[in-house]
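Okay, structure first, notes after.
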Amino acid sequence: MSSTAPPTATPTTTHWRALLPRPTTGAVMLLLMALAAPLAAQEAAPEYAEEIRTLLANPTVSSALELAEEHDRWALDLLIELTEIPAPPFMEDVRGERFAELLTELGADSVWTDEEGNVIGLRRGTTGDRAIGFGGHLDTVFPEGTDVTVRQVGDTLFAPGVGDDTRGLVVVLSVLRALEEAGLETEDDLLFVGVVGEEGLGDLRGMKHIYREGGLRPDVWVEVDGGGLSRLVTMGLGSVRYRVTFEGPGGHSWGAFGTANPAHAMSRAVRYFQDVADTLTRSGPRTSYNVGRIGGGTSVNSVPFESWMEVDMRSESPESLARIEEVFLDAMQRALEEENALRREGPSLTVDPAKIGDRPSGELEPSLPLIQRALASTSAFGVDGELGRSSTDSNVPIALGIPAVTIGRGGIGANGHAPDEYWVNREAYLAVQRALLLVVAEAGFAGPVS
């Protein structure tokens, strides 16, 4: 998803320039020009747009935004550095250590790593009444040993994980640097977080730890993940994942013929599951299912002693997700019983449906102040915010009813989760500026450092 540049002309520039206490250049002036235009249908309510106008007219905020643009080359160099630190699933430690060093260097008041591996930097507010979580995820999908060397061609960077979500981490760090150098204080505490375990079998373990009972539990969460400026994820796409293993005695395909066959049972299981799941997913809330991986057996002329599969089910609705999960488990049991009924000799098969993933679903009311501020700060760039659904770290707070939104990392990128992933530094600083505006609006502007 590509970013969209703000408009370059408007008849109301003189009016908005007069609001500024000092001259403003570049992107900041363009933001003010964009906000002078009438609100589009998907933009925020007028009071939130006015809140953003007021922030933009403030010289300290204006300075922070200009610094975000000036730091663009630094941010690009930082992206290359972090991308080349491998962060395979469950092995984010080295990247996390560097992220912690950067939080300290850039001015966080205190930095620590929690029991799960999340790296957290606290920037204290003037009141500390609330904590605003602001993060990206440390891990990538790529296994240990993947070559993560960045290849640069013009303004395009090629490397596994260069966008998802290494660039998100850079946005988080860039906002911290701009706030510090501008001397901008917020009322609420800010938590700058590198989160572990977002991808794959990580199963949002970092966020589940943050929002566990007695955990850090920020009052609001802003995640940087995904591309562009327009898409705002305020609805969590829930999923459950299973690794199902059928086990039996195995043996020679001729000599042990008649023993219960795990591969046959698993084949039945897939068929029984699909027969019902197909009907369930043709109407109602959007729901999906997929058998993604299958394995087992030793040779073509051996009855396997083990057959396994990994299955992913997703739904917009918690109720629909629970229903298809129930159907899935019933199909596994039915297949086991029917295959065992066919055996002529030997022990019965067993089945182990092990749950390996459980991501909660949910959605938030668009009227929430955080979502309204996300729309207002996005429209500041001449972009209509689009509220969307996805599976991100925000799933966890969303499912708990805690205000959360996932915003884009900026620039232009594609081929995420593939070795040929790339990211283009096309006005990427706009994403940093939008993130800064949103975080300051939500945390409350408390003025320059006195």
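Largest GNM mean-square fluctuation across N290, N301, N58, computed for the chain with C-alpha springs under 10 Å, falls on N301.
Kindly provide the Kirkwood hydrodynamic radius of the chain in Å, to one decimal, from all pairs of distinct alpha carbon atoms.
Details: mean 1/r = 0.0423 Å⁻¹.
After inverting the pairwise mean of 1/r, the radius is 23.6 Å.
Around G413, what is the net charge, scoring Lys/Arg as +1 and Asp/Glu as -1 over all other residues with Cβ under 14 Å from its Cβ? Neighbour charge sum, excluding G413 itself: -3.
What is the helix-to-structure angle for 369-379, meaning the angle in degrees between its Cα long axis and the longest Cα principal axis of the chain, kept from 0 to 90 and rounded to the nearest 10? That helix lies at roughly 70 degrees to the long axis.
For the chain, the share of DSSP beta bridges that are antiparallel, to the nearest 5, is 70%.
Evaluated at q = 0.26 Å⁻¹, a Debye calculation over the C-alpha positions of region 38-86 (equal weights, vacuum) places log10 I(q)/I(0) at -0.90.
The convex hull of the Cα atoms of region 239-359, projected and averaged over all directions, covers 7.0 nm². Can you list the HN-Hα couplings for region 336-350, worked out from phi with the Karplus curve (6.51, -1.76, 1.60; θ = phi - 60°), rounded to whole Hz and with x for Gly and Pro? Once rounded to whole Hz, the list reads 4, 5, 6, 5, 5, 5, 8, 5, 9, 7, x, x, 6, 6, 10.
Over 19 Å apart: what share of the alpha carbon pairs of region 56-138 falls there, rounded to a whole percent? Beyond 19 Å sits 52 percent of the P(r) for region 56-138. With contributions of -39500 (n - 2.57) from each DSSP H run of at least four residues, the per-residue ellipticity at 222 nm computed over the chain stands at -11500 deg cm²/dmol. Computed from phi, the 3J(HN,Hα) profile of region 313-327 under the Karplus parametrisation 6.51, -1.76, 1.60 (θ = phi - 60°) reads 10, 9, 7, 6, 10, x, 5, 5, 5, 5, 5, 5, 5, 4, 4 Hz, with x in place of Gly and Pro.
Sorting check: for 391-401, 361-371, 258-268, which peptide has the highest mean count of neighbouring beta carbons within 10 Å, and how do the rest follow? Please list the in-between numbers first.
Values: 391-401: 22.9, 361-371: 17.2, 258-268: 21.4.
Packing proxy ranking, top to bottom: 391-401, 258-268, 361-371.
For the chain, the longest principal axis of the Cα atoms and the long axis of helix 72-83 meet at an angle of about 20 degrees.
When Rg and Dmax are taken over the Cα atoms of region 117-260, they come to 21.8, 79 Å. Database remark: amide H of G357 closer than 5 angstrom to the amide H of R241 (H placed geometrically; neighbours at sequence offset of 5 or more, or on other chains; Pro and chain starts carry no H). Derived scalar couplings between HN and Hα for region 297-310 equal x, 10, 6, 5, 10, 10, 6, x, 8, 8, 9, 9, 8, 10 Hz in order, rounded to whole Hz, by the Karplus curve 6.51 cos²θ - 1.76 cosθ + 1.60 (θ = phi - 60°), x for Gly and Pro.
Readers should treat all values here as calculations from the given coordinates under stated rules, not as data from a laboratory. Note that this is a predicted model, so its numbers are computed, not measured. Neighbour counts run over all protein chains shown; Cβ positions are idealised from the backbone, glycine included.
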